[in-house]
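Reading through the structure tokens given below for one structure.
Just so it is clear, none of the values below were taken in a lab; they were calculated from the coordinates. What you see is a predicted model, and the numbers here were worked out from it, not measured in a lab. Note that each Cβ is placed from the backbone with ideal geometry, even for glycine, and that neighbours are counted across all protein chains shown.
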Amino acid sequence: MSIIWNKLIECKDEIINIFEEHATEFDEPGLAHFNNDTWVNRVWQNDHVRRAHIDVVDARDTKGLWMMHVCVFPQLNNDGPIYGFDVIAGKNKMTGAFHDFSASATIDHPMIEGYKEAVEDFIPSKQRELPEWARNIFTDKMLAAGNVRTEEEAVAIIELALDNLRAYLDEIGEFTGAGDVDLVTAAQNYYCHNQQQNPHTPRTMKSLGLNEEDVDKFCTDMLFPKIV
Amino acid sequence: MSNLKELTKEQHTNAERQAFVKVLMSGNINPKFYATYLWNQHKKYDLLEAMATAHGVFNDIPSIKRKISIEQDFNELWTEKTPPELVPSTHEYIMHMRDIMSDPEKLTAHVYVLHMGDLSGGQMISKRVPGEGRMYQFEGDIDKIKETIRSKTNDNMADEAKYVFESATNLFKELMELDIEHYME
């Protein structure tokens with residue numbers, strides 16, 4: 001039994017509930033190829049969110065690891081930030097947890113200010129150094145924690161990410177129509193481009209035992225797809 | 001019609017004078033070294049094209065986008081598991097794009113330098129590089145495409161176009177500083 005895994009699986013179920021409450025699940029062309037016994041990908045959308053994606057790889061039995069990626073992009077006429085939450089965890093610890101409201105077209109967006117206030121008092125026991133691609137897109141209050149061993153800290157991260165997801169989906173609609181479509185598209189593409197430079201993503205996914213070719217294709221086409 | 005060519009002549013000439021260009025034109029560039037160049041170019045074109053497309057810069061010339069052909073050229077030549085090194089100017093270019101993402105004119109200045117270069121000098125390079133050289137193969141009448149790009153430019157784009165030439169110059173310099181055993185075969 002693993003407390004960390006149990007908490008994360010509860011978190012995954014809650015994220016799906018939150019998406020179900022706020023948006024409608026849809027079939028994205030090509031995504032079904034990346035669903036199997038250990039790998040689950042689902043996407044939702046509504047008038048304010050063009051893509052809310054949850055991606056879970058359950059390799060607990062084979063590799064002793066569990067991974068979740070959650071990313072929400074606003075519609076292209078909405079200048080709100082991009083919600084992100086990523087976790088990878090072994091049986092006894094979260095090896096990495098990342099969470100941010102990353103700017104799209106408006107760097108000092110009110111929702112980002114709200115996010116910064118929400119995370120202000122949250123200082124993980126071990127902060128990670130960020131590489132350049134990450135510094136290009138993440139806020140200076142990005143939550144980046146590694147080696148989270150205590151239940152308290154894991155729960156605090158999970159609760160924070162869940163609270164922020166609820167707040168995000170409650171508030172994002174206020175900014176629909178506030179964004180210039182061309183600019184938001186360029187800004188979301190900029191975010192995706194930098195995310196695609198993360199060398200750890202494909203490496204980590206391959207270490208979970210997923211098919212190498214599938215992972216490469218997934219990372220390019222499905223994880224952070226540019227709009228072109 | 002703009003006078004961009006004249007306004008950026010100094011930076012353009014400086015880029016062409018770099019030692020890397022001589023290696024590129026030698027007909028003997030080491031395929032691995034050339035693939036390193038392609039990988040750095042791919043990062044720039046991929047981002048530029050995604051941003052410029054968002055602003056409609058390619059609306060009447062969609063086939064000139066190079067991202068996929070550069071990718072194919074790179075995959076043909078690069079056989080190692082980990083990708084090649086990105087040089088500092090490529091990282092700097094990616095950061096710079098954040099500052100101009102809202103400005104279609106500035107993005108057009110990039111297309112003027114990069115894509116116009118592939119349509120012009122690139123045509124000579126294509127016969128001298130390893131692999132298929134898809135990056136330099138365009139659909140349609142090259143002169144007409146160049147004219148279409150030229151018609152989108154104006155003199156106000158000069159500073160940004162100079163930046164793109166300078167970024168290319170830095171890329172060429174930094175590539176020659178990489179720890180590569182043989183630049184040429």
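Placing unit charges on each Cβ (+1 for Lys and Arg, -1 for Asp and Glu) gives the range A:2-158 a dipole about its Cα centre, and among A:70, A:105, A:6 the Cα reaching farthest toward its positive end belongs to A:6. What angle, in degrees between 0 and 90 and rounded to the nearest 10, separates the Cα long axis of helix B:88-100 from the longest principal axis of the Cα atoms of chain B? Around 20 degrees separate the two axes.
Measuring nothing but how far apart in sequence close Cα pairs (under 8 Å, 6+ apart) lie, relative to its length, chain A scores a relative contact order of 19 percent.
When shorter helices are ignored and each DSSP H run of at least 4 residues is given -39500 (n - 2.57), the per-residue value for the protein assembly as shown at 222 nm works out to -15500 deg cm²/dmol. Note on chain A: Lys pairs 8 or more places apart or on different chains, Cα atoms under 18 Å apart, count 12. Between the beta carbons of residue A:17 and residue B:173, assuming R0 = 51 Å, the FRET efficiency works out to 0.40 to the nearest 0.05.
Under the classification rounded if a/c is under 1.5, otherwise prolate if a/b is larger than b/c and oblate if not, where does the range A:1-157 fall, given a ≥ b ≥ c as square roots of the Cα gyration tensor eigenvalues?
oblate
Using the Cα centre as the reference, give the magnitude of the dipole from point charges on the C-beta atoms of the range B:71-185 (Lys, Arg: +1; Asp, Glu: -1; all else neutral), rounded to the nearest 20 debye.
On the way: 12 positive and 24 negative charges, 74 e Å.
In debye, rounded to 20, the range B:71-185 gives about 360.
Counting partner chain Cβ atoms within 10 Å of every residue's Cβ in A:180-191, what's the average? Mean partner-chain Cβ count within 10 Å for A:180-191: 6.
In debye, nearest 20: dipole of the range B:1-118 around its Cα centre with unit charges on the Cβ of K, R (+) and D, E (-)? Walk me through the intermediate numbers first.
Values: 13 positive and 16 negative charges, 40 e Å.
Roughly 200 debye, rounded to the nearest 20.
Peptide A:130-138 is shielded by partner chain Cβ atoms: per residue, an average of 2 of them sit within 10 Å of its Cβ.
The Rg/Rh ratio for the protein assembly as shown, using Cα coordinates for both the radius of gyration and the Kirkwood hydrodynamic radius, is 1.00. Starting from the Cα gyration tensor of the range B:48-139, take the square roots of the eigenvalues, sort them a ≥ b ≥ c, and report rounded, prolate or oblate (rounded when a/c is under 1.5, otherwise prolate if a/b is larger than b/c, else oblate). Because a/c hits 1.5 or more and a/b fails to exceed b/c, the range B:48-139 counts as oblate. Considering only A:227, B:64, A:161, and ranking their Cα positions along the charge dipole of the protein assembly as shown that arises from unit charges at the beta-carbon of Lys, Arg, Asp and Glu, the one farthest toward the positive end is B:64. Based on Cβ point charges of +1 for Lys and Arg and -1 for Asp and Glu, what charge dipole magnitude is obtained for the protein assembly as shown about its Cα centre, in debye rounded to the nearest 20? The calculated dipole for the protein assembly as shown is roughly 1340 debye.
Peptides B:112-120, A:56-64 ranked from most to least packed give B:112-120, A:56-64, packing being the mean of other C-beta atoms within 10 angstrom over each peptide's residues. In chain B, the C-alpha radius of gyration followed by the widest Cα-Cα span (Dmax) gives 15.6, 47 angstrom. Averaged over peptide B:79-90, the number of partner chain Cβ atoms lying within 10 Å of each residue's Cβ comes to 1. Pairs of Cα atoms nearer than 8 Å and 6+ residues apart set the relative contact order; for the range A:1-124 it is 17 percent. Of B:165, B:58, B:33, the residue with the greatest mean-square motion in the GNM of chain B, using alpha carbon springs below 10 Å, is B:58. Shape class for the range A:122-207: oblate, because the ratio a/c of the largest to smallest gyration tensor axis (alpha-carbon atoms, square roots of eigenvalues) is 1.5 or more and b/c is at least a/b. Relative contact order of chain B: what whole-number percent is it, with Cα pairs under 8 angstrom and at least 6 residues apart? About 43 percent, as a whole number.
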